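The values are calculated or read from the model by the stated rules, or taken from the named source; none is laboratory data. This is a predicted model, so every value here is computed, not measured. Note: ideal-geometry Cβ built from the backbone for every residue, glycine included; neighbour counts use all protein chains shown.
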Amino acid sequence: MKYSLICPSCGQKFSDNYLQVCDHDAGLVRTVYKNQKLRLKPVKGIWKFQEWLPTHHSLSTNGELKVFKSDGLSRELGLENLFLAFNGYYPERQASLKTGTFKELEAPPTIARALDKNIQSLCIASAGNTARSFAYLAALTNFNIVIIIPSEAKDQIWIPTNRDSTNVRLIALNGNTDYFDAISFANKFSTLSKITNEGGARNVARRDGMGIVMLEAAVHLNRLPDHYIQAVGSGTGGIAAYESSLRLVKDGRFGSKLPQLQLIQNLPFTPMVDAWKQNSRHLFLDQIDEKEIMNNIDEISAKVLSNRHPPYSIPGGVYDCLKATNGDMHGVTNQEAFSAGKLFEDTEGIDIVPAAAVGVAGLIKLAEEGKIGAKEIILMNVTGGGLKRLHEDLPIQYITPEIIGKEPEETYSENQEISVVST
Ligand SMILES: *Cc1c(COP(=O)(O)O)cnc(C)c1O
Ligand SMILES: [Zn+2]
């Protein structure tokens, strides 16, 4: 066996049956690879890390991120060892994630793992960027996918190819809906239609896919960084970075100190920051009026950071990862994010998406407050960028959504056609 799964809560080890849960508790099960030393495959793109991805075969996709040393931004901030993991499209730097965000690291291993398990179609919820990456990868591989998005995201769903996309089914929820409504809908929808739910943060293929950021950085730096900085909504990227770091420490060639997670949220919607600052494993969202929550979500500029039920409290979740790495969380305003995005574009020569700008605003704050040292090795996960360039350079095909109500029961009985995708 190439890998097994382990529950961080009870320590039980089991083989991958595609169920994402432990029998005993709610622990976030993670992958343990038989090969403890990272060996790269001689291919371009993310499949060079296939030994540490939970799939038995690869897809013929070659998009990749690039890690490089910052010169412009680092000079501006007085950081001597600032490294950027650029997850987007930046041809001069050979970064080629053509849907423009690090969600494109998750889609290939997720689809490959489904095919391993003989699953021919998946249903997935998204706030926008995940939808693009899965739509694109599904179109490239002729995989059937049903994507559920809140209505607000419907204009952002395009794929950078002219390929046929009839195997991509996009459902936009009507009205004042958010990412969590899409998640709830996807859960009910997959039960009704029997199309496998992809599983979100619980899906080890998604996390190990995102964990590639840390692998790529460690290979580039020949060591683990001191800090890992990222804008988070669910925090899954942070969990993935931590899990990759554990593997790299076990490998032995990259040092023994885990990078400190510095995770950033967009004010005024900062449920994880609020809990973390109170040293609480539990979120306070159930104590807040739903209307206020939706208003706060309405206000943030980076809507992909709006998860109302992030995997924060569960064993192996964000809280545990922060504790294990002596990490911290921070909130930044829309205005700080906007300025940070502009500074990034001016100093590094490429545009970044609003969520990535939230992350960079966090970096700026950490530098100003002296919470990261001028000589420390900093890994900034620039989670998305290059959309302007991408629209100039690549063919862009918009996916037309079906607009439907909030409840899948209604839709499903009215619209049996939905089940067609499952075959
Ligand atoms: C999804 C996303 C994030 C947040 O990622 P999580 O680790 O899952 O919270 C940040 N930036 C961009 C561009 C994203 O698409
Ligand atoms: Zn368990």
Subject >> Test: residue in the range 51-63 that is at positive phi, surrounded by 15 or more Cβ atoms within 10 Å (Cβ to Cβ) and either of a type outside the set (Val, Ile, Thr) or touching an Asp or Glu at 6+ places or on another chain (Cβ under 9 Å) (or both) >> reply: no
Subject >> Qualifying residue in the range 305-320 (condition: within 15 Å of ligand 1 (Cβ to nearest atom), basic (Lys, Arg) and under 22 Å from Arg281 (Cα atoms)) >> reply: yes
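Here is a yes/no grid of residues against (1) within 16 Å of ligand 1 (Cβ to nearest atom); (2) at pLDDT 95 or above; (3) farther than 23 Å from Tyr242 by Cβ; (4) in contact with a Pro (Cβ under 9 Å, 6 or more places away or on another chain):
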site: Leu40; (1), (2), (3), (4): no, yes, no, no
site: His57; (1), (2), (3), (4): no, no, yes, no
site: Asp71; (1), (2), (3), (4): no, no, yes, no
site: Leu77; (1), (2), (3), (4): no, yes, yes, no
**OP:** Given the conditions (1) away from ligand 1 (no atom under 16 Å from the Cβ); (2) among the β-branched types (Val, Ile, Thr); (3) within 17 Å of Val273 (Cβ to Cβ), report the number of the one that Thr347 does not fulfil.
**Re:** (3)
Subject >> Restricting the range 7-34 to residues that are assigned to a strand (DSSP E or B) and touching a Ser or Thr at 6+ places or on another chain (Cβ under 8 Å), the residue that is surrounded by the fewest Cβ atoms within 10 Å (Cβ to Cβ) >> reply: Lys13
**OP:** Please state which of the following conditions His24 fails to meet, knowing it meets all the rest: (1) touching a residue at least 60 places away in the same chain (Cβ under 8 Å); (2) more than 16 Å from ligand 1 (Cβ to nearest atom).
**Re:** (1)
Original post:
Are any residues in the range 309-334 buried (at least 18 other Cβ atoms within 10 Å of the Cβ) and part of a helix (DSSP H, G or I), and if so, which ones?
Top reply: Val318, Tyr319, Asp320, Cys321, Leu322, Thr325, Asn334
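Of all residues being part of a loop (DSSP other than H, G, I, E, B) and aliphatic (A, V, I, L, M) in the range 35-51, which is nearest to ligand 2 (Cβ to nearest atom)? Just the residue, please.
Here is the first cut: in the range 35-51, the ones part of a loop (DSSP other than H, G, I, E, B) are 35-45.
Subsequent filtering for residues that are aliphatic (A, V, I, L, M) retains 38, 40, 43.
Numbers: Leu38: 27, Leu40: 32, Val43: 35 Å.
The extreme case among them is Leu38.
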Original post:
Which one of these is under 21 Å from Thr130 (Cα atoms), modelled with pLDDT of 95 or more, buried (at least 24 other Cβ atoms within 10 Å of the Cβ) and more than 10 Å from ligand 1 (Cβ to nearest atom): Ile239, Ile229?
Top reply: Ile229
Original post:
Would you pick out the residues in the range 130-164 that are in a loop (DSSP other than H, G, I, E, B) and of a type in the set (Ser, Thr, Tyr)?
Top reply: Thr161
**OP:** Quick one: which residue in Ala337, Ala367 is within 13 Å of Asn266 (Cα to Cα) and assigned to a helix (DSSP H, G or I)?
**Re:** Ala337
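Suppose we filter Lys303, Lys291 for residues that are more than 16 Å from ligand 2 (Cβ to nearest atom), modelled with pLDDT under 95, under 25 Å from Thr177 (Cα atoms) and crowded, with 20+ Cβ neighbours inside 10 Å; which single one remains?
Values: Lys291 fails: crowded, with 20+ Cβ neighbours inside 10 Å.
Residue meeting the stated conditions: Lys303.
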Original post:
Got a number for residues in the range 311-345 being without any contact (Cβ under 8 Å) to a residue 24 or more places away in the chain and in contact with a helix residue (DSSP H, G or I) (Cβ under 6 Å, 6 or more places away or on another chain)?
Top reply: 1
**OP:** Inspect all residues belonging to the range 5-20 and state whether any of them is within 16 Å of ligand 2 (Cβ to nearest atom), in contact with a strand residue (DSSP E or B) (Cβ under 7 Å, 6 or more places away or on another chain) and at pLDDT 95 or above.
**Re:** yes
Original post:
Which residue, of Leu59, Leu105, Leu77, is of a type outside the set (S, T, N, Q), more than 16 Å from ligand 2 (Cβ to nearest atom) and more than 28 Å from Asn118 (Cβ to Cβ)?
Top reply: Leu77
Original post:
Can we say Gln278 is of a type in the set (S, T, N, Q) and either within 16 Å of ligand 1 (Cβ to nearest atom) or at pLDDT below 95 (or both)?
Top reply: no
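Checking the condition away from ligand 1 (no atom under 16 Å from the Cβ), touching a helix residue (DSSP H, G or I) at 6+ places or on another chain (Cβ under 9 Å), under 16 Å from Ala356 (Cα atoms) and of a type in the set (Phe, Trp, Tyr), which residue from Phe83, Phe102 passes? Walk me through it before giving the result.
Numbers: Phe102 fails: away from ligand 1 (no atom under 16 Å from the Cβ).
Step by step, each of Phe83, Phe102 is checked, and only Phe83 is away from ligand 1 (no atom under 16 Å from the Cβ), touching a helix residue (DSSP H, G or I) at 6+ places or on another chain (Cβ under 9 Å), under 16 Å from Ala356 (Cα atoms) and of a type in the set (Phe, Trp, Tyr).
Could you please let me know if Phe185 is of a type in the set (Phe, Trp, Tyr) and over 19 Å from the mean Cα position of the chain (by Cα)? Before you say what the answer is, go through the steps one by one.
Values: of a type in the set (Phe, Trp, Tyr): yes; over 19 Å from the mean Cα position of the chain (by Cα): yes.
Spelling it out, Phe185 is indeed of a type in the set (Phe, Trp, Tyr) and over 19 Å from the mean Cα position of the chain (by Cα).
State yes or no: is Ala127 hydrophobic (A, V, I, L, M, F, W, C), assigned to a loop (DSSP other than H, G, I, E, B), surrounded by 24 or more Cβ atoms within 10 Å (Cβ to Cβ) and within 16 Å of ligand 1 (Cβ to nearest atom)? Walk me through how you get there before you give the answer.
Details: hydrophobic (A, V, I, L, M, F, W, C): yes; assigned to a loop (DSSP other than H, G, I, E, B): yes; surrounded by 24 or more Cβ atoms within 10 Å (Cβ to Cβ): yes; within 16 Å of ligand 1 (Cβ to nearest atom): yes.
Taking the combined requirement at face value, the residue satisfies it.
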